[in-house]
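What follows is a short report on a single structure.
What follows is calculated from the coordinates using simple rules that are stated; it is not laboratory data. Note that the structure is predicted; figures quoted are calculated from it, not measured. Glycine also receives a Cβ, built like all others from the backbone with ideal geometry; neighbour counts cover every protein chain displayed.
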Amino acid sequence: MLDTDQLRSFLAIVDTGSFTRAAERVNKTQSAISMHIRRLEEQLGVELFVKQGRGVRLSASGEQLIDHARAMLQAEASALAAIAGKGLTGRVRFGIPDDYAEPFLPAILSNFRGRYPLVEIAVVCESSVLLSERVRSRDLDLALVTDCASIPEVEVIREEPLVWIAHAPMKFPQGSVVPLALGGPTCFWRQQAETALMKAGMDYRIVLVSNNYAAISPIVDSGLAITLLPLGAMRPGQRWLGEDDGLPKLPRSRMGLIRAPANQTREARALADEIRSVVAMQQAA
């Protein structure tokens, strides 16, 4: 018989990419996680991970175990929910701006699914202001948003520098007109960018306007424009620009949670806890 606690530790390593973060996720020591993997390997008679440089990677046998492990944990959760009345089985409607979706959403969903495999999550990607309106109208249970004056009752869970973002090889000549790819006129980050540039007496031109980062990203990555992001949301292949590059300093960005008023479900509260954990952990890292 395979031990589900050991399988849970195994999947935590798979999902987080490290023994250290896996230990934080399942609330165990790193030595306990290592012991779980050793016992699994002994029982199966195979190596699940192989050394690669200073870290490890999944072996072929480890890759094979993933789907079986997830199925076993889902069966366990299903039995607890159906027979013992334990566990969560409902649905959560969650909103997140697409600026945050790539850096945060995979870890949020992966971690939450590992703990509550029977909960369905419906995800909506829109601007922070629109998400706030949908939460207030109870069309969404909760949302991760950028804290700004137009959104009330935000629980701030992360604060970091807001920075100018460019393609890493892009050469930005000081004194030139600043090419920008930003959101629409109501976008908080766009307002911050235009205010900072006007105060600095710098000329700029809007190369692209889009409320979807999926449209902004290719323009930035091609070197045709720069944009704004919280420092922790910077993607691979990008770099941040600052005062040394001739650009004005920007205010700090605050990320927070908003939740539908009253009668929060257990599923929504559990997802809020997971969001806080993931966002805080990535900030600490």
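Cross-link partners among aspartates and glutamates for Lys51, C-alpha distance below 16 Å, same-chain residues fewer than 8 apart left out? List returned: Glu41, Glu63.
Each residue in Met72, Met234 was given a count of other beta-carbon atoms within 10 angstrom of its own, and listing them fewest first yields Met234, Met72.
Shape class of the chain from the Cα gyration tensor (axes a ≥ b ≥ c, square roots of the eigenvalues): oblate, since a/c reaches 1.5 or more and a/b does not exceed b/c. Put a dot 7 Å past the Cα of Ser34, heading toward its Cβ, do the same for Leu118, and the two dots end up 3.6 nm apart. Normalised size of segment 140-285, defined as Cα radius of gyration per 2.2 N^0.38 Å with N residues, equals 1.15. Within segment 1-86, the proportion of Cα pairs with more than 17 Å between them is 48 percent.
Assign one of three labels to segment 76-162, namely rounded, prolate or oblate, based on the Cα gyration tensor with a ≥ b ≥ c the square roots of its eigenvalues; rounded applies when a/c is under 1.5, prolate when it is not and a/b is larger than b/c, and oblate otherwise. Since a/c reaches 1.5 and a/b is larger than b/c, the shape of segment 76-162 is classed as prolate. The relative contact order of segment 161-285 comes to 36 percent, based on Cα pairs under 8 Å that sit 6 or more residues apart. Sorted largest first, the spans of the alpha carbon positions of segment 183-262 along the three principal axes are 47, 28, 23 Å.
Taking every alpha-carbon pair under 8 Å whose residues sit at least 6 apart, segment 1-86 reaches a relative contact order of 25 percent.
Take every Cα pair under 8 Å whose residues are at least 6 apart in sequence, average their separation, divide by the length of the chain, and the relative contact order is 20 percent.
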